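Read the structure below first, then the notes.
Taken together, the values in this text are just the output of simple stated rules run on the coordinates, not laboratory data. Since the structure is predicted, the reported quantities are computational estimates derived from the model, not experimental observations. Here the Cβ is made from the backbone with ideal geometry for all residues, glycine too, and neighbour counts use every protein chain on show.
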């Protein structure tokens, strides 16, 4: 089911093996979350396999490349930025830097048994409201979307220790993640992001140590690697062009960085990929 108003779109789908191809139809600025309601769902994103159990939800932006999906039954919500911008309305749901634009890992949440009813109820109202046609329909759809996002943010915050921080500290972590996702190709140093947040690099490092074993520099490097792998996997750009795109002035520096993270040079990584496609 699809709601459209000029360039604003929201779609809801009950997915099964016969219509799972819908997940590949991603538009510009689309945000997507897929809720597995069967025993298992396998989805490969940017060459990485995610195996979702029942009542797990995965969150994606337009920049994630879905390679394949195998499902029994799932629910998908997809909306574009004109319908609801998670960045401009971050004060309403707090999903920026967590569910979306989180710099590195693809977010997956597990709905606790005690919260399943809340999600089921939201879905039922969502589905029902898609059949309405009055002037308040869009407001109601946005309200239900925000509710599902808020429920998801709460679960994710509890799972990654963000709930142990006060609001200001948590907002700094989220904003750092968002800024890295936005500027990783131009700025590789923690000092740049610290200055944007009006904090010192040491303060950022101390803050992140409270919630994760990954340092701010690790997060920057991981985000660079995600883009590097994606370009090698899906584009025809040369290694030199990818290095330049990622802010490296010479291919040797980029190759050393890539090998330190991946274990092989970017050229060897591409060769292995090409060989696997021929098999």
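In segment 2-159, Cα pairs under 8 Å separated by at least six residues give a relative contact order of 24 percent. Our helix-only sum for the chain, with -39,500 (n - 2.57) per DSSP H run of n ≥ 4 divided by its residues, gives a mean residue ellipticity at 222 nm of -14000 deg cm²/dmol.
Taking the fewest neighbouring Cβ atoms within 10 Å as the starting point, the ordered list for 221, 89, 131 is 131, 89, 221.
If you build a Gaussian network model of the chain, linking Cα atoms that sit under 10 Å apart, which residue out of 104, 44, 133 swings the most? So, out of 104, 44, 133, the one fluctuating most is 133. Using C-alpha pairs below 8 Å separated by at least 6 residues, the relative contact order for the chain is 14 percent. Converting the Cα gyration tensor eigenvalues of segment 167-278 into ellipsoid dimensions via √(5λ) gives semi-axes, longest first, of 30, 14, 12 Å. If R₀ is 22 angstrom, what is the calculated FRET efficiency for the pair residue 70 and residue 29, using the beta carbon separation as r and rounding to 0.05? Between residue 70 and residue 29 the formula returns 0.20.
Here 189, 118, 90, 134 are placed in order of increasing Cβ neighbour count within 10 Å, fewest first, which gives 134, 189, 118, 90. Look at 166, 25 and count the other Cβ atoms within 10 Å of each Cβ; fewest to most, that gives 166, 25. With respect to the chain, whose longest principal axis is taken over its alpha-carbon atoms, helix 251-262 is tilted by about 60°. Using a/c under 1.5 as the rounded threshold, could you call segment 2-159 rounded, prolate or oblate? The axes a ≥ b ≥ c are square roots of the C-alpha gyration tensor eigenvalues, and prolate needs a/b larger than b/c, oblate otherwise. Rounded, because the longest to shortest axis ratio a/c is under 1.5. Based on C-alpha pairs under 8 angstrom that are at least 6 apart in sequence, segment 128-240 has a relative contact order of 21 percent. Expressed as a fraction of 2.2 N^0.38 Å, the value expected for a compact globular protein of N residues, the C-alpha radius of gyration of segment 64-137 is 1.33.
Cα centroid separation, segment 37-53 to segment 126-176: 23 Å. For the options 55, 80, 88, a Gaussian network treatment of the chain with springs between C-alpha atoms closer than 10 Å singles out 88 as fluctuating the most.
Within the chain, the proportion of C-alpha pairs whose separation exceeds 36 Å stands at 19%. You can think of it this way: the chain between residue 259 and residue 49 has 73.4 nm of extra reach, that is 0.36 nm per residue less the Cα-Cα gap.
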